[in-house]
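**Student:** Input: one structure, supplied below.
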Amino acid sequence: MDISLFKGSEAITAARHEEGWSVPCYKSLLTREDISKNRAKTMAPENSFGASNKSKDVKNATNKITIRQWQILLLLSVSNLVIAACISLQAPFFPREAEEKGASPTIYGFVFGVYELGVFISSPIYGKIISWITPKFLVNAGLFVAGTTTILFGFLDHSPPGTPFIVLAILVRLVEGFGAAAFVTASYTYAAAEFPGRVASAFATIETFFGLGLLLGPTIGGALYQAGGYPLPFVVLGATQLFVEVCSIFILPRPDRNEKPKSGNMFKFLADTGVLLDGLLITTTLVFLGYNSATLEPHLRQFDLQPVVLGTIFMITATIYVITTPVWGWLCDRGFDPKLLAVIGGVMCIVSLILIGPAPFLPFTAELWMVSISLVLCGIGLAAKFVCAFISALNDALKRGFPDDMSTHGLVSALCTICMSIGAFIGPTIGGYLLEHLGYRQSTFILLIMEVSLMILLTLYMIWRKVKLLKENPEKRSPANSSEATPLLSNSKCTTFTQTPELYTCF
């Protein structure tokens with residue numbers, strides 16, 4: 001039994017005597033709230049900075065964001081916006097340029113997809129070694145590689161047509177994926193390391209700018225292409241990345257050389273049902289986004305829309321996603337269960353998938369207002385799933401005993417980046433195939449089944465986790481334990497003490 005708990009209660013009793021309390025037996029007035037506070041002080045595990053995790057979270061949740069943190073957040077946000085814009089900027093004009101060079105739709109489609117292949121290959125490596133080479137190095141190197149390859153991609157119009165153009169385009173795009181993966185992994189790691197107590201809000205802010213970049217990329221690319229031809233969009237965006245890379249050298253904090261680098265165990269990290277479900281949440285988020293990008297336009301042809309209206313409808317999901325992402329991060333930082341929030345987001349996605357087709361079991365056809373509402377719900381739900389899955393994976397890792405340091409942050413960031421690349425690759429790929437062979441309503445119904453199955457699994461996992469917690473802490477099921485501020489035995493003498501996992505009770 002931890003005697004220091006009772007020493008702490010003596011101090012509480014002394015303070016109550018000074019306030020005029022009549023206390024015949026100080027042990028009898030020891031509340032669960034008092035015990036909980038003393039237990040946290042004496043038994044809370046220390047993190048890498050020597051403070052208890054609980055006190056650290058409370059302190060950082062109430063402190064104001066420092067100027068240094070604002071600078072880091074601004075740099076990472078702008079960098080993510082530019083990185084994301086480079087992913088999508090060539091969509092309006094590259095297919096035509098590639099066809100003029102002799103590339104078929106299958107080939108230039110692979111040029112788009114090989115970027116995600118580069119992210120998928122390199123992300124686990126970065127997550128493994130990030131604590132050795134430091135996040136700052138990964139940010140600088142990633143921005144340099146991504147910026148340089150973006151500029152090089154802008155000079156492919158000088159390449160000979162045919163095989164040389166195809167090979168160069170694939171190689172440059174693949175290396176660009178390597179650089180982007182390094183930066184994104186490191187930026188998520190910075191969000192976890194530099195904003196304790198506000199990890200969800202920081203991550204949500206970064207993801208908001210990433211989504212904004214994907215949204216603005218085609219517009220920026222098309223405008224620059226019209227103004228200066230094929231090279232200009234890539235030169236401008238690539239040079240911007242290099243400029244931000246120079247700024248990061250002076251703004252981002254230097255690594256702590258006094259802390260011994262650690263290498264995270266990716267296999268041990270993934271050997272958990274909760275983490276795997278978090279990964280599936282992230283993957284399905286990108287699958288839905290990619291699926292819509294490949295199939296929504298053919299589905300909307302039945303309404304004979306003007307190009308401006310069609311473009312506006314395409315922007316609905318991305319715009320709602322960008323707007324609501326910080327809200328979900330704020331809710332996570334306020335203590336809401338991220339897995340529960342992810343379930344709420346998943347339910348919104350289910351309703352969206354039922355309406356957008358609509359589902360084959362509904363006795364009516366698609367209407368434009370139904371499609372618009374479904375896209376709004378889709379944007380809200382996908383934002384919830386993505387942000388909450390990242391926070392949930394981090395929380396689950398820490399609860400399982402992983403250290404609250406750079407190695408764990410790197411593992412979580414790598415998981416997020418890997419699942420993003422998988423989803424972004426699978427979404428448009430299966431979308432086009434299913435649309436061609438099954439039609440939009442049937443193919444969307446397959447995604448509906450996948451989402452419903454994932455939500456059932458996530459709900460069952462949450463129930464199992466709750467039952468397991470009650471079995472480990474049976475006193476939490478007792479009605480007598482409903483009030484944390486109620487004295488355990490307010491009118492009895494304490495003669496015997498018994499220790500339970502959560503509190504000490506006197507008889």
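The values are calculated or read from the model by the stated rules, or taken from the named source; none is laboratory data. What you are looking at is a predicted structure, and each value in this text was computed from that prediction instead of being measured. In this analysis, Cβ positions are derived from the backbone assuming ideal geometry, glycine residues included, and neighbour counts consider all displayed protein chains. We work out accessible area using only protein heavy atoms, side chains counted, and drop any ligands, DNA or RNA first. Shrake-Rupley method; radii C 1.70, N 1.55, O 1.52, S 1.80 Å.
**Student:** Where the accessible area of the range 54-160 is counted over protein heavy atoms with a 1.4 Å probe, how much of it, in %, is carbon and sulfur?
**Tutor:** After summing per-atom areas, the C and S share lands at 71 percent.
**Student:** Got a sec to turn the phi values of the range 120-135 into Karplus ³J(HN,Hα) couplings, 6.51 cos²θ - 1.76 cosθ + 1.60 with θ = phi - 60°, whole Hz, x for Gly and Pro?
**Tutor:** 5, 5, 8, 4, x, 5, 5, x, 6, 10, 4, 6, 8, 9, 6, x
**Student:** For the range 58-117, report the accessible area per residue in Å² (1.4 Å probe, heavy atoms, rounded to an integer).
**Tutor:** So the range 58-117 comes to 49 Å² accessible per residue, rounded to a whole number.
**Student:** If you average over every viewing direction, what projected area does the convex hull of the Cα atoms of the range 101-250 give, in nm²?
**Tutor:** 9.6
**Student:** Also, I was wondering about something else. Could you check how much of the accessible area of the range 350-436 is carbon and sulfur, as a whole percent, using a 1.4 Å probe?
**Tutor:** Answer for the range 350-436 is 73 percent, counting heavy atoms of protein chains only.
**Student:** Between LEU74 and PHE364, what is the label-to-label distance in nm when each label sits 7 Å out along the Cα-to-Cβ direction?
**Tutor:** So the label points at LEU74 and PHE364 sit 5.0 nm apart.
**Student:** May I pose another question? Which semi-axis lengths, in whole Å and largest first, follow from the square roots of five times the eigenvalues of the Cα gyration tensor of the range 325-467?
**Tutor:** 31, 17, 14
**Student:** For the range 389-438 and the range 283-309, write down the distance between their C-alpha centroids in whole Å.
**Tutor:** Each part's Cα centre sits 23 Å from the other's.
**Student:** Need one word for the range 77-125: rounded, prolate or oblate. Basis is the Cα gyration tensor (sqrt eigenvalues a ≥ b ≥ c); a/c below 1.5 gives rounded, then a/b vs b/c decides.
**Tutor:** Verdict is oblate for the range 77-125.
**Student:** What FRET efficiency comes out for PHE110 versus HIS437 if R0 is 25 angstrom and r is the Cβ-Cβ distance? Round to the nearest 0.05.
**Tutor:** 0.80
**Student:** Using a 1.4 angstrom probe, figure out how much accessible area the range 391-455 has per residue, in square angstrom, rounded to the nearest whole.
**Tutor:** Per-residue value: 37 Å².
**Student:** Quote to one decimal, in nm, the extra length available between LEU340 and ILE125 on full extension: 0.36 nm per residue of separation minus the C-alpha distance between them.
**Tutor:** That works out to 74.3 nm of additional length.
**Student:** Let me ask another. I'd like to check one number: the per residue accessible area of the range 143-295, probe 1.4 Å, reported in Å² as a whole number.
**Tutor:** Per-residue value: 40 Å².
**Student:** Further question: Given Cβ point charges of +1 (Lys, Arg) and -1 (Asp, Glu) and nothing else, what value in debye, to the nearest 20, does the dipole of the range 231-338 about its Cα centre take?
**Tutor:** 340
**Student:** How much net charge surrounds ALA84 when only the other residues with a Cβ under 14 Å from the Cβ of ALA84 are counted, with Lys and Arg +1 and Asp and Glu -1?
**Tutor:** So the surrounding residues net to -3.
**Student:** Still on this structure, I have one more. Efficiency by 1/(1 + (r/R0)^6): what FRET value for HIS158 and THR312, r their Cβ-Cβ distance, R0 = 51 Å, to the nearest 0.05?
**Tutor:** 0.90
**Student:** Quickly work out the ILE446-to-GLU99 label distance, labels modelled 7 Å from Cα along the C-beta direction, and quote it in nm with one decimal.
**Tutor:** Result: 2.6 nm between the two label points.
**Student:** Another one. Rank-order 109-120, 180-191, 305-316 by packing density, defined as the average count of other C-beta atoms within 10 Å over each peptide's residues, highest first.
**Tutor:** Top of the packing list down: 180-191, 109-120, 305-316.
**Student:** Find which of PRO358, VAL343, ILE316 sits farthest along the positive direction of the dipole of the range 271-403, computed with +1 on the beta-carbon of Lys and Arg, -1 on that of Asp and Glu, about the Cα centre.
**Tutor:** VAL343
**Student:** Given the options THR284, ALA294, LEU368, identify the residue whose Cα lies farthest towards the positive end of the charge dipole of the range 283-381 (+1 on Cβ of Lys, Arg; -1 on Cβ of Asp, Glu).
**Tutor:** THR284
**Student:** Quick one: which of 321-332, 93-104, 350-361 comes out on top by average Cβ neighbours within 10 Å, and what's the full order, highest first?
**Tutor:** By packing density, highest mean first, the sequence is 321-332, 350-361, 93-104.
**Student:** Next up: Can you compute the charge dipole magnitude of the range 159-298 about its Cα centre, using +1 on each Lys and Arg Cβ and -1 on each Asp and Glu Cβ, nothing else charged? Give it in debye, rounded to the nearest 20.
**Tutor:** 320
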